[in-house]
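What follows is a short report on a single structure.
The values are calculated or read from the model by the stated rules, or taken from the named source; none is laboratory data. None of the values given here were measured: they were computed from a predicted structure. Virtual Cβ from ideal backbone geometry, glycine too; neighbours counted across all protein chains shown.
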Amino acid sequence: MIDREQVLHVARLARLELTDDEVGRMSEELSAVLGHIEKIGELDLDGVLPTTHVVEVSNALRSDVVEPSLAPAVALANAPAVADGGFLVPSPQAGADPS
């Protein structure tokens with residue numbers, strides 16, 4: 001069972017503020033999830049091939065074919081700012097000037 005302290009620790013790591021009610025609810029819900037995972041761990045899966053889909057899916061992805069792309073000049077034509085042959089984006093610092 002996930003206790004209150006463990007929920008608060010994970011909440012701090014995720015920078016989440018939880019009310020007392022939410023901490024109690026998360027403790028119950030996370031404990032239930034771990035219970036399901038333990039149950040899955042009890043299954044004998046020897047000889048079971050890994051799957052990517054629960055049901056068989058055919059032609060879900062297109063062929064990986066190389067196709068021509070936009071010329072850099074065309075791609076950058078409407079960019080508000082360009083630097084070193086690419087899009088210039090603002091610094092993550094608040095109020096930074098991209099120029």
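List of remarks:
- Residue, farthest from the chain's Cα centre (by Cα), within region 75-99, restricted to residues that are at pLDDT below 90 and polar (S, T, N, Q): Ser99
- Residue pairs whose Cβ atoms lie under 9 Å apart, sitting 6 or more positions apart in sequence or on different chains, and linking a residue in region 88-99 that is closer than 15 Å to Leu76 by Cβ to a partner that is in a loop (DSSP other than H, G, I, E, B) and modelled with pLDDT under 55, are Leu88/Pro98; Leu88/Ser99; Val89/Pro98.
- Residue count for region 16-48 satisfying the condition of being more than 23 Å from the chain's Cα centre (by Cα) and outside any helix (DSSP H, G or I): 8.
- Pair list, Cβ < 8 Å and 6+ apart or interchain, from region 17-28 residues that are among the small types (Gly, Ala, Ser) to residues that are modelled with pLDDT under 95 and surrounded by 15 or more Cβ atoms within 10 Å (Cβ to Cβ): Ser27/Ile2
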